[in-house]
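Report on one structure; see the data block that follows.
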Amino acid sequence: MTLRCTKNSCETSLQGETVLCSGYDAGHGSVKREAVTVSIQQGRLQESPLQEAPARISGNLRAAALPGTQRTTGKLLATQGYVVGIEISGSGARQSVALADLNGTILQRVRRPLEYVPDTKTVLQLLDGMLAEAMAPDHLQDGRVLRVGVAVGGLVDAAHGVVRTLHHAHGWDNFPLQDYLAERLDIPCIIDNNANAAALAEVQYGAGIGERVVLYVALGRGIGGGMIINGRVYHGTTCTAGEIGHLLVKENGPKCSCGGFGHLEAIASAQAISRTMIGLSVEYPETEAAIHRITGARAERITAEQVFRLAAEGDRVAQRIVDDVHTYLGIALANIVHLINPGMIILGGQVAQAGDLLIVPLQARIRDLCLPAASEDLRVVQGRLGTEANIVGAVTLALQDI
């Protein structure tokens with residue numbers, strides 16, 4: 001593997017690899033005028049002068065990036081520069097790009113929401129323009145962009161940099177997004193599921209600071225989960241750990257976006273809550289009138305938070321839906337509590353905007369279902385990053401190796 005060093009940063013790599021440096025010496029000390037090759041062999045550093053240093057990452061790195069190859073970006077020591085975070089929603093209809101400094105402070109932000117579900121080409125073309133805007137030369141006064149992190153609302157093989165599928169969009173199956181962006185930008189990229197990214201962000205900057213074992217639950221259009229153990233995302237063998245939206249919670253239940261039936265996502269996601277409310281209201285004039293009142297006669301725009309509010313006001317249809325959310329989300333989380341014994345469960349996404357209307361009954365439900373030893377120290381909380389969790393998570397991914 002061949003990477004590079006500059007005056008303000010120096011790539012490092014795993015034992016036995018080679019790092020191409022132009023700036024710092026092997027000990028990352030005084031500046032040298034000649035380039036060096038640093039080989040790490042059995043823990044010892046060896047260096048030799050080179051005639052010329054390439055201006056960008058060597059082609060050897062790209063040649064090694066074959067399909068199915070495990071991706072690694074290497075560690076980077078830096079005092080100046082930037083990172084970029086990219087969010088791609090589960091439908092592809094919402095994209096965000098953020099430029100951040102090395103402390104994770106977002107300096108520039110670009111959004112391009114769409115009113116329809118776009119194809120892959122449309123999303124990638126939009127991202128090209130958004131990245132160019134966020135990374136404009138006048139925004140990069142303190143150095144170059146060192147890493148790009150991408151939070152994707154679908155099934156992601158983070159180890160190989162591949163989007164396996166987006167359940168709410170088409171054309172993304174087995175798409176090599178990490179390689180695509182690395183080639184386009186000539187910058188190392190890290191991709192992961194948006195729930196994993198948001199989980200990491202909440203532990204580093206939000207509600208989970210100081211917690212050792214955390215479960216993050218993203219209750220949005222779909223349902224995802226991220227497990228953080230000792231500050232790191234737990235991915236599992238094939239990077240599908242945390243896909244709690246596809247837990248079976250109700251035999252012969254409603255159809256899920258993945259094609260299965262009775263999955264948690266089909267009952268407790270924001271989309272499921274809104275659709276169920278609209279579907280049931282046609283038989284209940286009082287509920288239909290309440291929906292028109294709370295949405296300004298735009299029933300199709302009712303949110304999960306509004307359904308929870310109607311339930312609190314006494315609407316029976318809304319109460320039935322909310323009870324199902326508490327029941328089946330409680331079952332899923334109680335099972336996970338017994339399995340991984342987290343100290344905290346953080347709820348994010350649109351459904352979590354219901355706040356205590358969701359959390360207080362849910363925590364009671366979990367405690368009813370769990371052994372006291374498993375739940376007595378457990379806290380269920382609302383995420384602090386709110387709607388920014390995914391884009392902050394993308395930035396956090398980019399900062400992992402810096």
> Once amide H atoms are built 1.01 Å from N in the peptide plane, which residues 5 or more positions from GLY161, or in another chain, come under 5 Å H to H?
Replying inline: ARG71
> Taking the mean number of other Cβ atoms within 10 Å as a proxy for protection, how do you rank 164-177, 267-280, 387-400 from highest to lowest?
Replying inline: 387-400, 267-280, 164-177
>> If amide hydrogens are placed 1.01 Å from N in the peptide plane, which non-local residues have theirs closer than 5 Å to the one on GLY253?
In response: GLY262
>> Please list 3J(HN,Hα) in residue order for the stretch 244-260, calculated via the Karplus relation 6.51 cos²θ - 1.76 cosθ + 1.60 where θ = phi - 60°; whole Hz, with x for glycine and proline.
In response: 6, x, 9, 6, 7, 10, 9, 4, 6, x, x, 6, 9, 4, 7, x, x
> Short version: ³J(HN,Hα) in whole Hz for each residue of the stretch 262-267, in order, from phi by Karplus 6.51 cos²θ - 1.76 cosθ + 1.60 (θ = phi - 60°), x for Gly and Pro, what are they?
Replying inline: x, 7, 4, 4, 6, 10
>> Among 304-316, 216-228, how do they line up by average Cβ neighbours within 10 Å per residue, starting with the highest?
In response: 216-228, 304-316
> Which residues' amide hydrogens lie under 5 Å from the amide hydrogen of LEU107, considering only partners 5 or more residues apart or on another chain, with H built in the peptide plane?
Replying inline: LEU99, ALA100, ASP101
> Which whole-Hz couplings ³J(HN,Hα) result when phi for each residue of the stretch 337-346 is put into the Karplus expression 6.51 cos²θ - 1.76 cosθ + 1.60, θ = phi - 60°, listed in order with x for Gly and Pro?
Replying inline: 4, 5, 7, 10, 6, x, x, 8, 10, 9
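Throughout, read-outs are computed from the coordinates displayed, never taken from laboratory work. For clarity, every value in this text was computed on a predicted model and none was experimentally measured. All Cβ positions, glycine included, derive from the backbone under ideal geometry; neighbour counts span all protein chains shown.
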